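Right, one structure below, let's go through it.
The values are calculated or read from the model by the stated rules, or taken from the named source; none is laboratory data. In this text the structure is predicted, and so the values were computed from the model without any measurement. Positions of Cβ are generated from backbone atoms using ideal geometry, with glycine treated the same way; all protein chains shown enter the neighbour counts. Accessible surface areas use protein heavy atoms only, side chains included; no ligands, DNA or RNA. Shrake-Rupley method; radii C 1.70, N 1.55, O 1.52, S 1.80 Å.
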Amino acid sequence: MGQNASTEGAHDAVNDVEGDLAQKPERGIKLFRFVRAGNTGSWELASSNASPRFYDSNEDSTTSGKADWFLEVGDIEARVDSELSYVMDLPGRRITFSAGEHCYALRFPNSEMFRSFAEELNDKAFYNLTGLHNDESNRTKEMGADYAGIFFAKDISER
């Protein structure tokens with residue numbers, strides 16, 4: 001009987017630890033910065049819990065009426081347009097981009113967060129470049145039928 005009580009106690013302890021692990025939030029989005037060193041360089045961790053967000057710089061303005069989307073990650077701020085030069089790496093759950101004179105990368109903890117952010121980034125970039133909302137009809141109108149499913153696509157899993 002003493003051995004059963006001890007075994008049950010061990011199982012309870014394991015279950016408690018597994019429960020605690022299941023309740024812990026997933027690690028955050030990591031922000032890396034490329035640091036040049038002579039002719040080479042390396043990536044350094046800038047933040048292990050980055051909070052990228054988009055904002056409309058014209059939101060408070062009454063003059064424009066048209067949104068102007070920016071990406072903000074901590075003190076990094078960049079307009080979402082062709083100069084952002086972003087590249088999506090679906091298997092690596094990573095988006096690399098330029099801001100100012102620097103190159104950065106966001107690494108997402110899971111595919112769902114990556115896809116959600118990447119689709120929103122595509123939407124904002126398409127809007128800033130064309131002034132239109134990102135949908136199949138507008139992509140076809142702006143880029144032609146051959147490219148509408150490739151650039152700024154809603155389903156980035158095909159990339």
Can you pull the one-decimal nm distance between simple spin-label points at residue 35 and residue 60, each 7 Å off the Cα toward Cβ?
3.5 nm
For residue 96, the accessible surface traced by a 1.4 Å probe with all protein chains present amounts, in square angstrom to the nearest 10, to 30 Å²
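Heavy atoms only, 1.4 Å probe, whole protein assembly: order 141, 124, 30 by accessible area, highest first.
From most exposed to least exposed: 141, 30, 124.
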Between the alpha-carbon centers of the stretch 100-128 and the stretch 53-99, tell me the distance in whole angstrom.
8 Å
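Compare 133, 102 by solvent-accessible area with a 1.4 Å probe and give them largest first, with all protein chains kept in place.
Working: 133 135, 102 70 Å².
Per-residue accessible area, sorted high to low, gives 133, 102.
So if each residue of separation counts as 0.36 nm, and I subtract the Cα-Cα distance between residue 67 and residue 83, what length gain in nm does that give?
Answer, rounded to one decimal: 4.0 nm.
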Using the Karplus equation 6.51 cos²θ - 1.76 cosθ + 1.60 (θ = phi - 60°), what ³J(HN,Hα) coupling, rounded to whole Hz, does each residue of the stretch 33-39 give in order, writing x for Gly and Pro?
10, 7, 10, 7, 9, x, 8
Value of Rg to Rh for the stretch 81-136 (Rh from inverse mean 1/r over Cα pairs, i.e. Kirkwood)
0.99
With the cut-off at 1.5 for a/c, could you classify the stretch 29-149 from its C-alpha gyration tensor as rounded, prolate or oblate?
prolate
Stretchable slack from residue 133 to residue 43, in nm (0.36 nm times residue separation minus alpha-carbon distance):
29.0 nm
With Cβ to Cβ distances under 12 Å as the rule, what net charge do the other residues near residue 43 carry (K, R +1; D, E -1)?
+4
